[in-house]
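Colleague: Following this message is one structure expressed as structure tokens.
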Amino acid sequence: MVKQVRIGKTDVQATALGLGANAVGGYNLFPNLKDAAGLEIVRTALENGITLLDTAFVYGLGHSEELIGQALKDFNRSQIIIATKGAQDFSSGEQEINNDPQFLTQQVEASLKRLQTDYLDIYYIHFPDKKTPKAEAVGALQRLREQGKIRAIGVSNFSLEQVKEANADGYLDVVEDEFSLLHQDRAQDLLPYLKENQISFVPYFPLASGLLTGKYENDVHFPADDIRSQMADFQQPRYGQILKSVNQLRPIAAAHQATVAQCVLAWYMMNPYISVVIPGAKKAAQVAANAQALNIDLSTTEYEAITAAFAEFEAEKSGKSLADPD
Ligand code: NAP
């Protein structure tokens, strides 16, 4: 039985592993993306039992959503969970973050058109702006929920205070933020609050942009138009320390006849604070391989060994570990 999770207090149910779709049509984030490859990535995810697709307006300025809308025509919409996001306003000619209720309502309508669907399973406010009271922004999404256009309400990249404000009326179902074995900063403040309030957590960059897959052994260089060229994780000496931690996972992977990436993804699925893990992919074969993580059951000892292998990164934040399963 494939691991299923419920989003917040809603009746939205998804596989515990979804597809991060920023490389599906996300030509503004990565070089050399092809539409055909993007369509194949989405189809492969759905054919391998993944039900949740995580996209956003800003991935290709609508193009990721368009490709997903196209790919979904061959599948049963009712069995697919579409999560998308908005807040980027280009009306002034430059990108501004806008959480104004009217703007968010227009964004949802535009996403529905691009995705060729009449409802979104999850809609996230992608980033907080500085001016809109967060309960007002979420209130606009709640009205769209009452109209049947959204099933679950999310926010992304919000501070704990902003999350609390957004949840003032109890409408918030899910939060998406950066979290991985390498970046556990949100563990201390945000995650306990979410668990106490039955709000799901979806970590992004779960594979640290490929670094946690175990495929890197030497220095790597990305072109300037690839966001990884600016990421601290890919710069020495931190890069070398990360590879040492990743190498400690190889015996666990071998014991399961699995890859390091699959074991890392299984670790997230066992973490009691995490709802859906959404690895991205550039190739269909990566999606098919990542989907296999749904079939891996780590023992508690293996789970703890993976946690321990990244202890020095976890220790970058202060306080105790939140990685212990209940
Ligand atoms: P990620 O999941 O940490 O890494 C994905 C990358 O790792 C892939 O593009 C691929 O890149 C490599 N990879 C994946 N599976 C692999 C495998 N089996 N073997 C070898 N390499 C593999 O990073 P991400 O895709 O940037 O983030 C995940 C998702 O989170 C995104 O797609 C997006 O949906 C979401 N996100 C949300 C926010 C937000 O603000 N809410 C921000 C960032 C991301 P290469 O082949 O190039 O190595």
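Values in this text are rule-based calculations from the coordinates and carry no lab data. Just so we're clear, the structure is a prediction, and the values are computed from it rather than from any experiment. Here the Cβ positions follow ideal geometry from the backbone for every residue, glycine too, while neighbour counts run over all protein chains shown.
Colleague: Apply the Karplus parameterisation 6.51 cos²θ - 1.76 cosθ + 1.60, with θ equal to phi minus 60°, to every residue of the range 11-27 and state each ³J(HN,Hα) to the nearest whole Hz, in sequence, with x for glycine and proline.
Modeller: Once θ is set to phi - 60°, the couplings for the range 11-27 become 9, 7, 10, 9, 5, 5, 10, x, 10, x, 10, 6, 9, 8, x, x, 5 Hz.
Colleague: Please identify, among Gly280, Gly154, Gly69, the residue showing maximal mean-square fluctuation in a Gaussian network model of the chain using a 10 angstrom Cα cutoff.
Modeller: For the chain, modelled as a Gaussian network with Cα springs under 10 Å, the answer is Gly69.
Colleague: Roughly how many debye, to the nearest 20, is the charge dipole of the range 1-114 about its Cα centre, given +1 on each Lys and Arg Cβ, -1 on each Asp and Glu Cβ, and no other charges?
Modeller: 460
Colleague: Next question. Rounded to the nearest 20 Debye, what is the dipole magnitude of the range 48-181 about its Cα centre when Lys and Arg each give +1 and Asp and Glu each give -1 at the C-beta?
Modeller: Taking the Cα centre of the range 48-181 as origin, the dipole is about 340 debye.
Colleague: Tell me the angle of helix 35-47 to the major Cα principal axis of the chain, expressed in degrees between 0 and 90 and rounded to the nearest ten.
Modeller: Between the helix axis and the principal axis of the chain, the angle is about 80 degrees.
Colleague: Could you sort the peptides 223-229, 290-296 by per-residue average Cβ neighbour count (10 Å cutoff), highest mean leading?
Modeller: Averaged packing, sorted descending, gives the order 290-296, 223-229.
Colleague: With everything on Cα atoms, drop me the angle between helix 260-270 and the longest principal axis of the chain, reported from 0 to 90° to the nearest 10.
Modeller: The answer is roughly 60 degrees.
Colleague: Let me ask another. How much mean residue ellipticity at 222 nm does the chain get from its helices, if each DSSP H run of length 4 or more adds -39500 (n - 2.57) and you divide by all residues, to the nearest 500 deg cm²/dmol?
Modeller: Taken over the chain, the calculation gives -10000 deg cm²/dmol.
Colleague: Search the structure for amide H atoms under 5 Å from the amide H of Thr51, placed 1.01 Å from N in the peptide plane, and list their residues when 5 or more places away or on another chain.
Modeller: Amide H neighbours of Thr51, under 5 Å, 5+ apart: Thr15.
Colleague: Test of understanding: ordering Val174, Val5 by Cβ neighbours within 10 Å, fewest first, what list do you get?
Modeller: Val5, Val174
Colleague: Going by C-beta contacts inside 10 Å, put Thr307, Thr55, Thr301 in order with the fewest on the left.
Modeller: Lowest to highest Cβ neighbour count: Thr301, Thr307, Thr55.
Colleague: If you don't mind, another one. Would you work out which of Ile242, Val138, Leu52 lies farthest towards the positive end of the dipole of the chain, given +1 charges on the beta-carbon of Lys and Arg and -1 on that of Asp and Glu, about the Cα centre?
Modeller: Leu52
Colleague: By counting other Cβ atoms within 10 Å of each Cβ, how are His63, His221 ranked from fewest to most?
Modeller: Going from sparsest to densest Cβ surroundings: His221, His63.
Colleague: Could I ask something else about it? Using the crude model of +1 on Lys and Arg Cβ and -1 on Asp and Glu Cβ, and no other charge, please compute the dipole size for the chain relative to its Cα centre, in debye to 20. Write down the numbers at each step before the final one.
Modeller: On the way: 29 positive and 41 negative charges, 107 e Å.
Roughly 520 debye for the chain.
Colleague: Can you grab the distance from the C-alpha centre of the range 267-282 to the C-alpha centre of the range 1-79, Å, no decimals?
Modeller: Their Cα centres are 15 Å away from one another.
Colleague: What are the ³J(HN,Hα) couplings of the range 70-84, residue after residue, when phi is run through the Karplus curve with 6.51, -1.76, 1.60 and θ = phi - 60°? Round to Hz, x for glycine and proline.
Modeller: Working through the residues one at a time gives 5, 5, 5, 4, 8, 10, 7, 3, 5, 9, 10, 9, 9, 10, 9 Hz.
Colleague: Compute the acute angle (0 to 90°) between the alpha-carbon long axis of helix 134-146 and the principal axis of greatest extent of the alpha-carbon atoms of the chain; round to the nearest 10°.
Modeller: With rounding to tens, the tilt is 70 degrees.
Colleague: When the convex hull of the C-alpha atoms of the range 54-109 is computed, what volume per residue in Å³ does it have? Working shown, then result.
Modeller: Working: hull volume 4.9 nm³, N = 56.
Output value, Cα hull per residue: 87 Å³.
Colleague: Taking the range 5-113, which GluC sites (Glu not before Pro) meet the DSSP loop condition and have no more than 14 other C-beta atoms within 10 Å?
Modeller: Glu94
Colleague: Now for a separate question. So what J values fall out for the range 120-131 if you push phi through Karplus, 6.51 cos²θ - 1.76 cosθ + 1.60 with θ = phi - 60°, rounded to Hz, Gly and Pro as x?
Modeller: Once θ is set to phi - 60°, the couplings for the range 120-131 become 10, 6, 9, 10, 9, 6, 5, 9, x, 8, 8, 10 Hz.
Colleague: Report, for the range 41-172, the % of DSSP beta bridges that are antiparallel, rounded to 5.
Modeller: 15
Colleague: Report, ordered by chain and residue number, the aspartates and glutamates lying within cross-link reach of Lys215, taken as a straight Cα distance under 19 Å and ignoring same-chain residues fewer than 8 apart.
Modeller: Asp226, Asp233
Colleague: Around Ser200, which amide H atoms from residues at least 5 apart in sequence, or from another chain, sit under 5 Å from its own amide H, with H modelled in the peptide plane?
Modeller: Gly8, Val174, Val175
Colleague: Straight-line reach from Lys73: which lysines fall under 24 Å, measuring Cα to Cα and dropping same-chain residues less than 8 apart?
Modeller: Reachable lysines: Lys34, Lys85, Lys113, Lys149, Lys282, Lys283.
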